[in-house]
Structure formats: C-alpha cells, structure tokens
Amino acid sequence: MGLAMKPILIVHGGAGDIAQSRVQGKLDGVRLAVREGYRVLQHNGSALDAVEAAVVSMEKDENFNAGYGSVLNLAGEVEMEASIMSGENLDVGAVTLIKDFLHPISIAHKVLTDSPHSLIGGQGAKQFALDKGFPMVPQESLISENAQAALKEFLEKGGEFGKTEVGIAEDGVGTVGAVAIDINGHIAVATSTGGMTGKVVGRIGDTPQIGSGTYADDNIGGVSTTGHGESILKVCLAHSIIKLMESGVDAETATKEAVTAMTTRLKNTAGAITLSKDGDVGVYFSSKRMSWAYIEDEKLFYGIEQGEVLEENYVK
Ligand code: GLY
C-alpha cells in the first residue's frame, strides 16, 4: 500500500443573492459542517461517510436550503433531492421528490450501497427509505418560517423566477454540498437541496442528476455545484469541471472557467467547489454570494463574499 493521503474536506452552503441578514448564519453553518465531515476523515473514515456527515449537518440547519429549511414548491410543500458519488468505482446514489425525511443525503447514500439503481424518486424513494429503516418525519416539521416567507414574497411579486435557486426572496437560502478525499486517496461528493422557491410540483433540478450537481472520479477529482438548476443541468456543470481538469487545467481555473461559461451562455448564476485528486482546491461563484469552507493542515478557510478568504485555526 502507498503512503496515506492527507485528508481534505470542502463544503458549500449554496450560491445566490443571499441577504446580509443571512450571512452570519451561513458562515457559522458551513464551519460547523466542515468540522463534522473532517472529523470522520481524521478517524480514518471514508470520504463517502465524511461528505454525508457534512451534508447531514447542513440538512439539520435552517440556514440552508436542504432538509429542514428547504424552500417550498407552489403547493407550499418541501420536495427535496440529493445525490452522492464515490470516485473509487464511480458508484452513485440519488433521490428526488422526497417529502417525509430529514436527511435525503443519507437515503441517497443507501441507494448507492444497497440498490441496483442510481436515482429513485417520489413514492418509490419513500418506500425505499422506509424499507431501509429511515424514520419518517411530519412534512410540516421540515418547513421553516424563512421558507414560508420566501414563498409568500415570491407569490406576491408575481411568481417570477430570479436568477438563482433562491428565487427573488430576500430570505432565500442555498443548496449544500461537500467534497472529500480520505487517507486512502478516495474522493466522494454529496449534494442536497430543496430546489427553488415556487417551483412547480414535481420539478426536478440539477442536484440529483449525476454530472450536473455532483461528480467524483479518483483519477481526476470531485465537484459539487449550486445555483440555477435549469442552467446547471444544461451544461452538466460538475462534469464540465471534471473534463477540464482531466485535460490538465487546475482545479481553481477549471471551476472558474466552467461556471463563467455557463453564466455567459445562459445568463444565470451558479457556484461550485472542487478538489483535484492531489487535493488542490477550487471555489468559484458567479452569484453575489456563496458560503464555503474547507479544512486542510489544521487550518479552516472559509468565506461568502466574492474574493473573501477568512482563516482560523482548526482545533480537533
Ligand atoms: N441548484 C438547485 C436547484 O436549482 O434545484
């Protein structure tokens, strides 16, 4: 066996026109999530378990558009989606149109490990989750005041979609994601979302679609995306970044180039977090803000504004 890799984990808490009033909650939330995920890697856990732990942390946190705090569809319901991928053997698991469970990412992980299928939706996903022992929660328990206010504002302003997943609401929140490399050099990526405020019932976005919201390949790297789903899936944004890296472009440049190309072509915004197989980091967003954080070498880096890189010591 070769030398152990240095573990690294990066998370995002969503791209969008995030209101100033939501900034601190998101920064606190991504710092908590990156610690939760990194702890798994420090205990020699797998990249898959680490990205799940990081995303679970944000699914519990109403500062983010995933799990509790997910935005609402036109019927006022939560309909969530999530995907997870292993770069070791390209195994994938994804769920969509989930309404009754707090942690869609854990169900997606179960699809990866226990199902012959890749993406399960709606009633079938609910049955799969129940068969695997996931506890149902009342749908109302997933609905936050912010999500209700965002839908109200969306409807009052005529139900027009904004340029990002957070719609036009000031109190919009963001999709979450995580990318990790474990000590064995395996890469995993997880992404989870409530989608966009005011979406039609049954709408499926980029997040559960492998290659759009999520991609991992141990030979190249891993990417999780966030932003305007209908645009992200048209350019298969996660896989576009992977292909650029495969052609020799570094993680940061590949992330910036692919996100910029999408925004130039389709006039909507997005963001992405990327790790190369060597642990190089890429963070880029064409939206106003995107919260992100990563831990490497006992340092925790994080930010939310364009060009911002804050730093603190990571204490185990
Ligand atoms: N990027 C999340 C969505 O549009 O559903």
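Restricting attention to region 197-207, does a residue exist that is touching a Pro at 6+ places or on another chain (Cβ under 9 Å), within 17 Å of residue 51 (Cβ to Cβ) and at pLDDT 95 or above?
No; the residues of region 197-207 include none that is touching a Pro at 6+ places or on another chain (Cβ under 9 Å), within 17 Å of residue 51 (Cβ to Cβ) and at pLDDT 95 or above.
Any residue that is closer than 24 Å to residue 47 by Cβ, in contact with a helix residue (DSSP H, G or I) (Cβ under 9 Å, 6 or more places away or on another chain) and away from the ligand (no atom under 16 Å from the Cβ) - is there at least one of those in region 189-203?
Looking through region 189-203, none of the residues is closer than 24 Å to residue 47 by Cβ, in contact with a helix residue (DSSP H, G or I) (Cβ under 9 Å, 6 or more places away or on another chain) and away from the ligand (no atom under 16 Å from the Cβ).
Check region 225-240 and report whether any residue there is polar (S, T, N, Q), farther than 30 Å from residue 153 by Cβ and more than 16 Å from the ligand (Cβ to nearest atom).
no
The values are calculated or read from the model by the stated rules, or taken from the named source; none is laboratory data. Bear in mind the structure is a predicted one, so any value in this text is a computation, not a measurement. When we count neighbours, we look across all protein chains shown, and the Cβ atoms used for this are built from the backbone with ideal geometry, even at glycine.
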